[in-house]
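The values are calculated or read from the model by the stated rules, or taken from the named source; none is laboratory data. Since the model is a prediction, treat every value here as computed from it, not as a measurement. Positions of Cβ are generated from backbone atoms using ideal geometry, with glycine treated the same way; all protein chains shown enter the neighbour counts.
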Amino acid sequence: MKKLRVAVQKSGRLHDDSLKLFHDAGISIDNGKEQLKAASGNFPLEVFYLRNGDIPQYLRDGVVDAAIIGENVLVEKGEDITMAEKLGFSKCRVSLAVPKATKYSEIKDLQGARIATSYPNTVKNYLAKKGITADLHIINGSVEIAPNIGLADAICDIVSSGSTLFKNNLKEVEVMLKSEAVLAVSPGISEERSEILKKLQFRIKSVLRARS
Ligand code: PRP
Ligand code: MG
């Protein structure tokens, strides 16, 4: 029998809660994340542990049938991919922030600014809607350091507790997106695997109902 291939974040904020969701749904996953692939012994499902940013492309290519992924990653890299279910965990915002000492009253204040971010598409689209052009610097991590080392006037990154902004003397000035973990589906999923996905969704829904 075919198995549903589901991508889960290899390490990071979504990893543990994703596995907990399977667990609470009565789906046991056999081995730890040392293996890049693990199967369930009691549900037709295989888990692939992948890098967050790679998951949209794996879905597009049909290498995996579904994924547990942050909405923020889909908005940035996978607007063509279907969101089947919001999962209620790993809530965060994707926001613009500036140094505390910067005077900021409206988005127009960022006209021509240098903005460091790992979310170039999200920022570009947001600013375009507001009629603002800026100079984007793409960085993959530790984005919040950029204003302190003179690389940027503002940053755009994920805000969860707000502690990274606080530690770097930044203030959140615009919330561009509110995000949480979602179940995303490959556009090329087969009929047979769609049936398994329906069963998985049914279980996930009952877990979410019980949690709320
Ligand atoms: C993430 C994100 C923010 C921070 C937000 O970084 O890029 O910097 O967490 O969380 P907070 O509001 O609770 O502080 P992470 O620590 O994952 O490292 P990275 O930027 O190097 O990927
Ligand atoms: Mg960071």
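Structure data summary
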quantity: Any hit, region 140-153, residues being part of a strand (DSSP E or B) and either buried (at least 18 other Cβ atoms within 10 Å of the Cβ) or not charged (D, E, K, R) (or both); calculated: no
quantity: Among the candidates PHE166, PHE202, residue that is aromatic (Phe, Trp, Tyr) and assigned by TED's automatic domain parsing to the domain that holds VAL47; calculated: PHE202
quantity: Any hit, region 178-191, residues being small (Gly, Ala, Ser), closer than 16 Å to CYS92 by Cβ and away from ligand 2 (no atom under 15 Å from the Cβ); calculated: yes
quantity: In region 25-43, residue nearest to ligand 2 (Cβ to nearest atom) [restricted to those that are buried (at least 16 other Cβ atoms within 10 Å of the Cβ) and under 21 Å from LEU208 (Cα atoms)]; calculated: ILE29
quantity: Residue in region 156-167 that is free of Cβ contacts under 8 Å to residues at least 40 places away in the same chain, in a loop (DSSP other than H, G, I, E, B), within 15 Å of ligand 2 (Cβ to nearest atom) and of a type outside the set (Gly, Ala, Ser) present; calculated: no
quantity: Of all residues in region 75-109 being of a type in the set (Val, Ile, Thr) and part of a strand (DSSP E or B), the one that is nearest to the chain's Cα centre (by Cα); calculated: VAL94
quantity: Qualifying position, being more than 29 Å from LYS2 (Cβ to Cβ) and in contact (Cβ under 8 Å) with a residue 40 or more places away in the chain, among ILE81, ILE115; calculated: ILE115
quantity: Residue tally, condition assigned to a helix (DSSP H, G or I) and surrounded by fewer than 18 Cβ atoms within 10 Å (Cβ to Cβ), over region 168-199; calculated: 6
quantity: Qualifying residue in region 169-185 (condition: away from ligand 1 (no atom under 12 Å from the Cβ), under 30 Å from ILE68 (Cβ atoms), modelled with pLDDT of 95 or more and hydroxyl-bearing (Ser, Thr, Tyr)); calculated: no
quantity: Breaking point among (1) surrounded by 22 or more Cβ atoms within 10 Å (Cβ to Cβ); (2) within 16 Å of ligand 2 (Cβ to nearest atom), for ARG93; calculated: (1)
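Residue-by-condition table, conditions (1) assigned to a loop (DSSP other than H, G, I, E, B); (2) in the same structural domain as GLU71 (by TED's automatic domain parsing); (3) surrounded by 19 or more Cβ atoms within 10 Å (Cβ to Cβ):
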| position | (1), (2), (3) |
| --- | --- |
| ARG13 | yes, yes, no |
| SER18 | no, yes, yes |
| HIS23 | no, yes, no |
| TYR49 | no, yes, yes |
